[in-house]
Amino acid sequence: MTEELFDTLPSLFADIIKNKEQQREIDNLLVERHCFPRSLFIEMLANYEVIHSLSEEELCVLTLALYEVTGNEQAAPAHFYSKREIAKAAKYERQSKDDITLPYTMEGVIAAPSGRDFVTMLSYQEIRRLWNSKVITYNLQAQRLSKNKLLKDGTITEKPDINLKSVKNITRLMLEGKYKADTLLINILVDGHDRVAYEAGSLTVYEGTTVNLIDGMHRVQAILNVLEEEPDYEGIMNVAIKYYPLSEAQFLLGQINTVNRFDKTLVKHYMAESIGSQVAKDLMLLPELKKRISIKTSIDKKMDYLTNFAVLSESIDHIFEPQNNKDRYDITEVLKKFFGYLIPAFEAEFVTNMQETAKKSWINHHNTFVGFIVVAKKLYDTYGKDYPVDEIVRIIGSIDLSRDGSPFDELMTTQGKVNSNKVKRQIKQFFEQKVEEFM
């Protein structure tokens with residue numbers, strides 16, 4: 001560590017002490033990416049001498065975290081370390097004598113006849129070891145909604161959306177001995193790389209297998225807090241273990257949505273019971289729609305979402321009225337072709353100039369996708385799956401979607417005053433009438 005960094009850190013810390021959110025972000029980054037003990041960074045802020053317990057490589061890791069979260073040029077690692085040292089620090093993970101590696105065997109496991117459902121009990125100490133060793137991981141595709149953050153370079157980061165008040169309350173109850181043994185839910189992911197063995201109460205998870213925490217993130221965070229405060233604390237937690245592919249794990253998560261209710265659109269996305277929901281999931285893999293469909297009811301305009309999962313899936317169900325798997329595959333093919341052509345054909349409206357377009361037109365409003373599904377259905381009814389794609393541009397280009405007193409503008413400005421389902425029905429009727437005129 002250079003003298004320049006020694007001179008710089010106190011002023012950086014002085015600014016961070018005033019910002020609780022930055023403190024949490026830096027601590028989480030050090031824990032999740034580099035396996036530092038939780039709250040070690042908070043200790044550094046409270047007692048600067050803790051800095052001297054870090055190795056040279058760990059100090060470089062610290063500067064990386066400080067710079068990433070604060071963006072303060074004073075913390076730029078390049079001021080203190082070479083490119084080689086920075087690249088090495090970026091991959092650094094702190095090792096612990098408590099680290100667990102696969103294969104790993106759990107004892108006292110009861111198996112259901114299905115061979116896909118198990119239950120056991122684990123101590124707080126063992127849960128911490130499994131979590132810190134990354135044997136149990138967090139899968140954003142099978143959890144509550146993530147917290148998205150738009151970075152300065154235009155990329156979006158995702159991290160667990162944790163209710164800190166809830167974690168703090170659970171921690172307090174545990175420390176006071178009032179918290180009753182609850183059930184964590186984990187899933188051994190069936191993905192082709194999985195391998196497990198069960199015999200006489202022993203469940204072994206082999207190398208290459210992914211184990212995800214499905215439900216219980218707040219409790220795990222509380223356990224980490226408790227053991228940080230009282231390292232010898234003794235506690236146990238019931239653990240339900242599933243052995244499911246991702247789609248079944250998502251369905252299960254939607255099914256158990258009772259306390260701390262999930263966003264209703266996320267539940268629809270996970271459970272995907274209707275054919276429209278299944279088609280919408282398939283469409284979300286289309287390059288033009290990838291990361292453009294929000295699985296949250298409210299739509300964050302900064303993230304450039306085009307619509308949300310509920311609008312898309314419900315429109316497909318109501319307009320195409322699919323009945324079976326043949327309908328599902330036919331509709332998926334029709335809509336992949338439709339949106340695969342529509343988005344690049346109106347590139348300024350949907351990609352490069354969305355915010356300016358939205359000031360004068362309703363074309364990229366999330367509810368207008370109801371109308372697009374109407375157009376796709378009419379093309380399918382008229383021409384079949386081989387409909388001419390230039391008709392997409394001709395029809396949509398012929399409909400006045402401006403915000404300048406057009407009939408569609410009058411309809412859309414009722415949003416917020418009229419039931420949203422009624423607005424969507426009106427959009428459907430409007431587009432049906434217009435498509436009839438132009439075809």
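Quick one: net charge around residue 350, please, counting Lys, Arg +1 and Asp, Glu -1 for every other residue with C-beta under 10 Å from its C-beta.
Counting the neighbours of residue 350, the net charge comes to -3.
Compute the FRET efficiency between residue 137 and residue 172 as 1/(1 + (r/R0)^6), taking r as their Cβ-Cβ distance and R0 = 25 Å, and round to the nearest 0.05.
0.40
Spin-label point model (7 Å from Cα, Cβ direction): what's the residue 73 to residue 200 distance in nm?
6.8 nm
On a 0 to 90 degree scale, rounded to 10, what angle separates helix 164-175 from the longest Cα axis of the chain?
Approximately 40 degrees, to the nearest 10.
Taking a 1.4 Å probe, which of 84, 328 shows the most accessible area, and what order do the others take after it?
The ordering from most to least exposed comes out as 84, 328.
Using heavy-atom solvent-accessible surface (probe 1.4 Å) with all chains present, what is the largest-first order of 35, 60?
From most exposed to least exposed: 35, 60.
Let me know the charge dipole size of segment 368-414 about its Cα centre in debye, to the nearest 20, where only the beta-carbon of Lys, Arg (+1) and Asp, Glu (-1) is charged.
I would put it at about 180 debye.
Suppose every K and R has +1 on its Cβ and every D and E has -1 on its Cβ; what is the size of the dipole of the chain about the Cα centre, in Debye to the nearest 20?
1180 debye
What's the local net charge at residue 184, with K and R +1, D and E -1, over the other residues with C-beta under 13 Å away?
0
What angle, in degrees between 0 and 90 and rounded to the nearest 10, separates the Cα long axis of helix 217-229 from the longest principal axis of the Cα atoms of the chain?
Tilt of helix 217-229: around 20 degrees.
Enter the angle in degrees (range 0 to 90, nearest 10) between the Cα long axis of helix 56-70 and the first principal axis of the Cα atoms of the chain, meaning the one along which they spread out most.
40 degrees
With all protein chains present, calculate the accessible area of residue 82 using a 1.4 Å probe and round the result to the nearest 10 Å².
50 Å²
For residue 70, tell me the accessible area in Å² from a 1.4 Å probe, rounded to the nearest 10.
So the heavy atoms of residue 70 present about 40 Å² to solvent.
Around residue 367, with a cut-off of 12 angstrom between Cβ atoms, what is the net charge of the other residues, counting Lys and Arg +1 and Asp and Glu -1?
Once all neighbours under 12 Å are counted, the net charge is +3.
Any chance you could look up the accessible area of residue 366 with a 1.4 Å probe, heavy atoms only, rounded to 10 Å²?
Accessible area of residue 366: about 40 Å².
Nearest 500 deg cm²/dmol is fine: what mean residue ellipticity at 222 nm does the chain get from its DSSP H runs of n ≥ 4 alone, each adding -39,500 (n - 2.57), divided by its residue count?
-14500 deg cm²/dmol
Averaging over every viewing direction, what projected area does the convex hull of the Cα atoms of the chain cover, in nm²?
If I average the Cα hull's projected area over directions, I get 25.9 nm².
Which value, in Å to one decimal place, does the Kirkwood hydrodynamic radius take for segment 37-109 when every pair of different Cα atoms is included?
Value: 14.4 Å, from the Cα pair sum.
Which value results when the Cα radius of gyration for segment 391-439 is divided by 2.2 N^0.38 Å?
Here the answer is 1.19, to two decimals.
The values are calculated or read from the model by the stated rules, or taken from the named source; none is laboratory data. This structure is a prediction, so every number in the text was calculated from the model and none was measured. Every residue, glycine among them, receives a Cβ derived from its backbone with ideal geometry; neighbour counts consider all protein chains shown. Surface areas here come from the heavy atoms of the whole protein model, side chains and all, with no ligands, DNA or RNA. Shrake-Rupley method; radii C 1.70, N 1.55, O 1.52, S 1.80 Å.
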